[in-house]
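Below: one structure, written as structure tokens.
The values are calculated or read from the model by the stated rules, or taken from the named source; none is laboratory data. Keep in mind that this is a model prediction, so the values were computed, not measured. Methodologically, a virtual Cβ is constructed for each residue, glycine included, from the backbone with ideal geometry; neighbour enumeration extends over all protein chains shown.
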Amino acid sequence: MADKELMERPQETKGQIRSLYSIIEEKGEVTVTLDMPGVKKENLSISIENSELRVTGKRDGEDTSGTYLVRERRYGDFSNSFTLDDTIDQNNVEASLENGLLTIKLHLKEEVKPKRIEIKTT
């Protein structure tokens, strides 16, 4: 299945943030959903090159004059990379950002989609 081949590549940049994500395959497409709370569309970049899906961007920090007592939120540059196998149609990709979730739909090539065979009666 395509989702078994869609694997995240380890990040090499120290201190860079990775977004939490899920990958689901259903109905002829693979959907990658990444958490993007507080990230603006203009701070995101999505690209495919050499069978690698790459999502990069920047999450702006909070403006505060106080001293943090607890700080679990991470800010700054982030990057997630995924290797695409040859079942993905790299020319048929859609992305949307809504309510802090980035959804990327990767459609499967027609030739790898399950085919339904009609049974004829005589």
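The single condition from (1) of a type outside the set (A, V, I, L, M); (2) more than 23 Å from R73 (Cα to Cα); (3) at pLDDT 90 or above; (4) surrounded by fewer than 16 Cβ atoms within 10 Å (Cβ to Cβ) that T56 fails is (2). D89 falls short of the stated requirement of being without any contact (Cβ under 8 Å) to a residue 60 or more places away in the chain and touching a Phe, Trp or Tyr at 6+ places or on another chain (Cβ under 9 Å). Within region 59-74, the set of residues being among the small types (G, A, S) and surrounded by fewer than 11 Cβ atoms within 10 Å (Cβ to Cβ) comprises S65, G66. Can you find a residue in region 48-57 that is over 13 Å from L101 (Cα atoms), among the basic types (K, R) and under 14 Å from the mean Cα position of the chain (by Cα)? Yes; the residues of region 48-57 include at least one that is over 13 Å from L101 (Cα atoms), among the basic types (K, R) and under 14 Å from the mean Cα position of the chain (by Cα). Going by the structure shown, is E12 among the acidic types (D, E), at pLDDT below 85 and either in contact with a strand residue (DSSP E or B) (Cβ under 8 Å, 6 or more places away or on another chain) or not in a strand (DSSP E or B) (or both)? Criteria met by E12. For region 71-92, the criterion of being among the acidic types (D, E) and part of a strand (DSSP E or B) is satisfied by at least one residue.
For region 60-82, the criterion of being touching a Lys or Arg at 6+ places or on another chain (Cβ under 9 Å) and closer than 17 Å to E25 by Cα is met by at least one residue. Quick check on region 81-122: of everything there that is in contact with a strand residue (DSSP E or B) (Cβ under 7 Å, 6 or more places away or on another chain) and among the hydroxyl-bearing types (S, T, Y), which residue is farthest from L44 (Cα to Cα)? Among those that are in contact with a strand residue (DSSP E or B) (Cβ under 7 Å, 6 or more places away or on another chain) and among the hydroxyl-bearing types (S, T, Y), it is T87. Hey, can you tell me all the residues within region 26-63 that are touching a residue at least 40 places away in the same chain (Cβ under 8 Å), out of contact with any strand residue (DSSP E or B) (no Cβ under 7 Å at 6 or more places or on another chain) and assigned to a strand (DSSP E or B)? Across region 26-63, there are no qualifying residues.
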